[in-house]
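Contents: one structure, followed by commentary.
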Amino acid sequence: MDDLAAAMKRNIHLKKYVYKIKKEHGKSPDFRTTISRDLKEIMYPNIIYPVGDPLFVHIFGTPKIKRRYIVIEPTIETEEERRRYEEVQDRILELAPYHETPKTEEEFGKLIDRLMDEATEIAAAGAAATRQKKKRFNLLQRKFPLKKEERDKFLYLIKRDIIGVGVLESLVKDPYIEDIHVIGPDNVSLIHKVFGTLMTNLSFGNDIYLMNYLKNMGERIGRPVSEGSPIVDGSLPDGSRINIIYSTDVSRKGSSFTIRKFSDTPLSIVQLVNWNTLSSEEAAYFWICLEYGMSVFVCGETASGKTTTLNGILPFIKPEAKIYTAEDTAEVLPPHEIWQQLITREKGPEEGRVTLFELLKAALRSRPNYIIVGEIRGAEGAIAFQAMQTGHPVISTFHASSVKKMIQRFTGSPINVPVTFIDNLNVVLIQQAVYRKGKFLRRVTSVEEIEGYFTEIGGVATRSVFEWDAVTDKHIFRGLNNSYILETKIAETAGFEDPREIYDEMALRARILEEMIANNIMGYRETTEIFKNYHKKGLKGLPFSI
């Protein structure tokens, strides 16, 4: 409850909402900073989680109220407040032409902050209403006096509608959402990664507003919609796919659209370093590990960014490697020319279905250099460890919040990998979705090496090489001159006379990654090309000097 109290103190609209729910239902919601899959078993959830201030989500249901997804955000509460909001909007539009046109979303946000400062001022409680009664505003000379709470609300709504995606802002930002479905102005539903299909409390008001919204959306993504071209496919700035069906003639219940939160082009490892998901040293560590055939599991809870990180590190695999991927849903995107993509087939006659277990067996017969599994959930995990035993490095994501829990799940039913086989895996990356200072972040919280199974300790020995410090938001390298994988598994193969020289190579690669950020080289394709060139030509293959 301490986290909820802090969030309520920062967000008055959340405080009002929580008190309202408590009054109506006799109980405060359970505040969670992250959502885990075990919560889906709760029949009548009463859970609030943050998407990032000032946005929160309430998953709520009772025996009499069907489970719903309720967005908690600042809203206009009265007609008088709406009038003031529209006046502030008009004032900002009048001031905007006197400023330089922003080129990026970040610059746009800063411009709106400056315009809000020019258009408004903070007034003491009651002062704004009194001054408004005394004299009508001269919009060209005066600032609108607003209470801080009201000013913050107006600023959020203006940014949401101009820079963001308006009504759907919270849904697009929520990492636990897979799909968004809108059928007419009042039917907004979604598919939640934990709670499944849910109706929301969101509404576009009426058909005219929704049609205008879709017109603006079409213009922003470069795919305009109209009565003449009512069906459009496109991509949002974050890579999510959108399909629009415009016009009540075609979509009888009102204009509709679907957003699939997925990107054809993965985020690059350099972008993830720039966002501090992991450090340049951590990325350099995995650069070396994957180049020299180590098996790596990316573990974490639901929506912690496992697949994003997995895709980010795949360009570190040697470019000439033969890659096999096996998945239920196509999400893994290695940039290699020799890539066999295998997808399960779960529909149709039972004899024609193909499971992940069968795909992995087929991949083993093809003798690939690397096997990548989208996510290990069941018996296919045993095949993955057999592949490692026979010399095939495996990369996969796995649902576990720690190395200890990962080992428990692999050695238990239904996977049943003997604990003595666990040391075929080399490195485990743990990633979490964290809520820090009002922001929803993804962080690699630890990286651990698997040393082996030892009868003396009756279990598997691991060694921590990286840890995330939540206080400073920094990734600490614990493995300097103490990495089992770098010194024992890789250094000799890489040709280092002194195993500890490998740390110099790791530091060099970290500098390369940092230089790419400094030179704003962060796109997936361009960074992948640099990794290829470095593999072939060393420092001479870089487009900058180190």
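Measuring against 22 Å, Cα to Cα, the residue pairs K215/K261; K9/K261; K143/K173; K20/K64 contain K9/K261; K143/K173 as the ones spanning a longer distance.
The helix-based estimate of mean residue ellipticity at 222 nm for the chain, built from -39,500 (n - 2.57) per DSSP H run of four or more residues and divided by its residue count, is -10500 deg cm²/dmol to the nearest 500. Extension gain for the segment R463 to I42, taken as residue separation times 0.36 nm less the Cα-Cα distance, is 147.9 nm to one decimal. Each residue, M199 and N212, gets one label point 7 Å from its Cα in the Cβ direction; the gap between the two is 2.7 nm. Placing one equal scatterer on every Cα of region 465-542 and applying the Debye formula, the log10 ratio I(q)/I(0) at q = 0.12, 0.25 Å⁻¹ is -0.46, -1.13. Counting only protein heavy atoms and using a 1.4 Å probe, the accessible area of K143 comes to about 80 Å².
Distant-in-sequence amide contacts of F56, defined by a placed amide H-H separation under 5 Å and a gap of 5 or more residues or a different chain, comprise V51, I72. Per residue, the solvent-accessible area of region 367-453 (1.4 Å probe, heavy atoms of protein chains only, all protein chains present) comes to 36 Å².
Per residue, the solvent-accessible area of region 57-123 (1.4 Å probe, heavy atoms of protein chains only, all protein chains present) comes to 61 Å².
Considering only protein heavy atoms, what is the solvent-accessible area of T493 at a probe of 1.4 Å, reported in Å² to the nearest 10? Only protein atoms counted, so the area is about 110 Å².
Under 5 Å from the amide H of F144 lie the amide H atoms of T120, E121, each residue being 5 or more positions distant or on a separate chain, with H modelled from the backbone and absent for Pro and chain starts. Maximal additional length on extending the N481-E320 stretch stands at 54.9 nm, based on 0.36 nm per residue less the C-alpha distance. Taking a span of 18 Å or more along the helix axis (Cα atoms) and a mean Kyte-Doolittle hydropathy of at least 0.0 as the rule, the DSSP H helices of the chain that qualify are 502-518. Convex hull volume per residue, computed on the Cα atoms of the chain, equals 203 Å³.
Evaluated on region 208-267, the Kirkwood hydrodynamic radius is 11.7 Å, with distances taken between all distinct Cα atoms.
If you take the beta carbon distance between A507 and D249 as r and set R0 to 56 Å, what does 1/(1 + (r/R0)^6) give as a FRET efficiency, to the nearest 0.05? If you can, show how the numbers build up before the last one.
On the way: r = 63 Å, r/R0 = 1.13.
It comes to 0.35.
Go through region 218-312 and name the GluC sites (Glu not before Pro) that are in a DSSP coil and have 11 or fewer other Cβ atoms within 10 Å of their Cβ.
Counting only loop positions with at most 11 other Cβ atoms within 10 Å, the GluC sites (Glu not before Pro) in region 218-312 are E227.
In this simple spin-label model, placing a label point 7 Å from the Cα along the Cα-to-Cβ direction at both R260 and Q341 gives a separation of 1.1 nm.
Figure the gain on full extension for K27 and A470 (residue separation times 0.36 nm, minus the Cα-Cα span) and round it to one decimal in nm. Provide the component values of the computation, followed by the final result.
Numbers: separation 443, 0.36 × 443 = 159.48 nm, distance 3.10 nm.
Fully extending the segment from K27 to A470 adds 156.4 nm.
Share of the chain's accessible area from carbon and sulfur, percent, 1.4 Å? Roughly 49 percent of what the probe reaches on the chain is carbon or sulfur. By the Stokes-Einstein formula, at 1.567 mPa s and 4 °C, region 226-381 with its Kirkwood radius over alpha-carbon pairs has D equal to 72 µm²/s. If the limit is 31 Å between Cα atoms, which of K489/K536; K147/K439; K153/K405; K23/K110; K439/K489 go over it? Result: K153/K405; K23/K110; K439/K489 exceed 31 Å.
The values are calculated or read from the model by the stated rules, or taken from the named source; none is laboratory data. Bear in mind the structure is a predicted one, so any value in this text is a computation, not a measurement. Please note: Cβ atoms are built from the backbone with ideal geometry, for glycine as well, and neighbour counts cover all protein chains shown. Ligands, DNA and RNA are stripped out before the accessible areas are found, and what is left, the full protein with its side chains, is counted by its heavy atoms. Shrake-Rupley method; radii C 1.70, N 1.55, O 1.52, S 1.80 Å.
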